[in-house]
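First comes the structure, then the notes that go with it.
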Amino acid sequence: METKNEVDRTPNGVTEPPKQKGNRLLIFGGIATAIVVVLALALGLGLGLGLRKSSSPGASPLTTTTPSSTPSLSTSYKANPADYVLSPSFNTQAANTTRYYTFNLTELPDGAPDGVAVRMLLINGQFPGPLVEVNEGDRIVCQVNNFMTVPTTIHWHGQYQNGTNFMDGTSGISQCPIQPNSTYTYNFTFTQSGTYWYHAHWSTTYQDGLFGPLIIHGRDEPNYNVDGDMIMMVDDWYHDFSLDLLPGFFAPGNEGVEPVPDNGLINGLNVFDCDNAPGYTCDNSTDSYATFNITTGGRYRFRVINTGAFADFKISIDNHSMEVLSCTVPSNLRLFKLMELH
Ligand SMILES: [Cu+2]
């Protein structure tokens, strides 16, 4: 029998952010060399699919009014960094349960993660999206309410969906897109474990902000004895709305010439020099690097997720050593190039 879980939730249906510990602020100054992490780019099927608009017979109309957009260059959409630190109080040995989420998808005309204003798409008013954390064998029921002007679906990256193909969230393949002012509920059981992510799967729109981490605790996962367990989402960032870049990318004679990223983000944050964005509205006064609180001498797990569209990333932590526990495709471990860090 399924029961509603007991995880604390905000009115938006998002798990409460875990409390942070530690006393030392470690700043990752972006993307340097050490371990060449060639993470599988999620682009693949995400690009170019579902471009044809079609009706969504399974979706029912919403009665809720569309939330008003956030004022110009507001920063309130920036996710709390604590959202991406796993709470040690999460019971990874709990009996399987059903975990409920609500995703309200909205538009922000001028978000600016790095100071440069760009049209963004948000989940529950935040970027990146909320943490989804479950145990292997749990069921998820996630109601997606589309308050945007573009269609959408939510894809649960890396999940086999064996027997629940229709919950895969691949627009135009396993379901019709969820039309504006419509809703759709994903309902399936997680049969795998590990570090994953979820993202919109209608055209290129996840690149505009519709993604978040999906952590599935394995039943037989070893105890790594870490002092902290943190999520590090890295993605290439563009100062133009992805659907505005798409025609140029698909233009005749332009095959394979992808848009050049304007910046890279870690957990939705980075800095940028406004002088390098002529013609764009830019206010970098509140820009910041992603920060992770750690204690000297501690041992920390980082779950690195490439949530980007095109870019590979080289990731290092200055003056610290790193050990790769696992990667998405074990047979491709040769893609990791370990270098001494000291
Ligand atoms: Cu994916």
Options PRO213, PRO180; residue that is surrounded by fewer than 21 Cβ atoms within 10 Å (Cβ to Cβ), within 24 Å of TYR77 (Cα to Cα) and in contact with a strand residue (DSSP E or B) (Cβ under 6 Å, 6 or more places away or on another chain): PRO180
Residues within segment 263-286 that are surrounded by 14 or more Cβ atoms within 10 Å (Cβ to Cβ) and either more than 24 Å from the chain's Cα centre (by Cα) or over 22 Å from SER316 (Cβ atoms) (or both), tallied: 7
Neighbours by Cβ (under 6 Å, 6+ apart or cross-chain): first from segment 151-180, farther than 22 Å from MET233 by Cα and in contact (Cβ under 8 Å) with a residue 24 or more places away in the chain; second among the charged types (D, E, K, R) and within 15 Å of the ligand (Cβ to nearest atom): GLN161/ASP168
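Say whether the condition of being away from the ligand (no atom under 15 Å from the Cβ) and within 25 Å of GLU136 (Cβ to Cβ) is met by at least one residue in segment 177-186. Working first, answer last.
Filtering segment 177-186 for residues away from the ligand (no atom under 15 Å from the Cβ) gives 177-185.
Add one more test, that the residue is within 25 Å of GLU136 (Cβ to Cβ), and what stays is 184-185.
Looking through segment 177-186, at least one residue is away from the ligand (no atom under 15 Å from the Cβ) and within 25 Å of GLU136 (Cβ to Cβ).
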Every pair of residues 6+ apart whose Cβ atoms lie under 7 Å, when the first sits in segment 186-202 and is closer than 10 Å to ILE215 by Cα while the second is more than 14 Å from the ligand (Cβ to nearest atom) and among the small types (Gly, Ala, Ser): SER193/GLY218; GLY194/GLY218
Segment 136-169 - residue that is buried (at least 22 other Cβ atoms within 10 Å of the Cβ) and hydroxyl-bearing (Ser, Thr, Tyr) and, of those, nearest to THR205 (Cα to Cα): THR152
Index of the failed condition, ILE294 passing every other in (1) out of contact with any Gly (no Cβ under 8 Å at 6 or more places or on another chain); (2) on the phi < 0 side of the Ramachandran plot: (1)
Candidates ASN223, ASN254, filtered to the one that is surrounded by fewer than 19 Cβ atoms within 10 Å (Cβ to Cβ), modelled with pLDDT under 90 and closer than 26 Å to THR189 by Cα: ASN223
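Table: residues versus (1) closer than 21 Å to THR307 by Cα; (2) among the aromatic types (Phe, Trp, Tyr); (3) in a strand (DSSP E or B).
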{"position": "THR183", "(1), (2), (3)": "no, no, yes"}
{"position": "GLN192", "(1), (2), (3)": "yes, no, no"}
{"position": "THR195", "(1), (2), (3)": "yes, no, yes"}
{"position": "ILE215", "(1), (2), (3)": "yes, no, yes"}
{"position": "TYR224", "(1), (2), (3)": "no, yes, no"}
{"position": "HIS239", "(1), (2), (3)": "yes, no, no"}
{"position": "LEU243", "(1), (2), (3)": "yes, no, no"}
{"position": "ALA251", "(1), (2), (3)": "no, no, no"}
{"position": "GLY256", "(1), (2), (3)": "yes, no, no"}
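Give segment 144-160 a look and list any residue that's among the polar types (S, T, N, Q) and within 12 Å of the ligand (Cβ to nearest atom), or say none. Please lay out each step first, then the result.
The initial filter retains those residues of segment 144-160 that are among the polar types (S, T, N, Q), namely 145-146, 149, 152-153, 159.
Across segment 144-160, the qualifying residues are THR153, GLN159.
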THR106 vs. criteria within 30 Å of ALA94 (Cβ to Cβ), in a strand (DSSP E or B) and touching a residue at least 24 places away in the same chain (Cβ under 8 Å): no
Selection count where residues are more than 12 Å from the ligand (Cβ to nearest atom) and of a type in the set (A, V, I, L, M), scope segment 196-217: 2
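Which of the residues that make up segment 268-310 are outside any strand (DSSP E or B), among the aromatic types (Phe, Trp, Tyr) and under 24 Å from HIS199 (Cα atoms)?
Residues of segment 268-310 outside any strand (DSSP E or B): 268, 270-281, 283-290, 295-299, 307-310.
Those left that are additionally among the aromatic types (Phe, Trp, Tyr): 272, 280, 289, 310.
Matches in segment 268-310: TYR289, PHE310.
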Selection count, segment 218-251, where residues are more than 13 Å from the ligand (Cβ to nearest atom), acidic (Asp, Glu) and within 10 Å of the chain's Cα centre (by Cα): 0
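The values are calculated or read from the model by the stated rules, or taken from the named source; none is laboratory data. No experiment lies behind these values; they were computed from the predicted model shown. Reconstructed Cβ throughout: ideal geometry from the backbone, glycine too, with neighbour counts over all protein chains shown.
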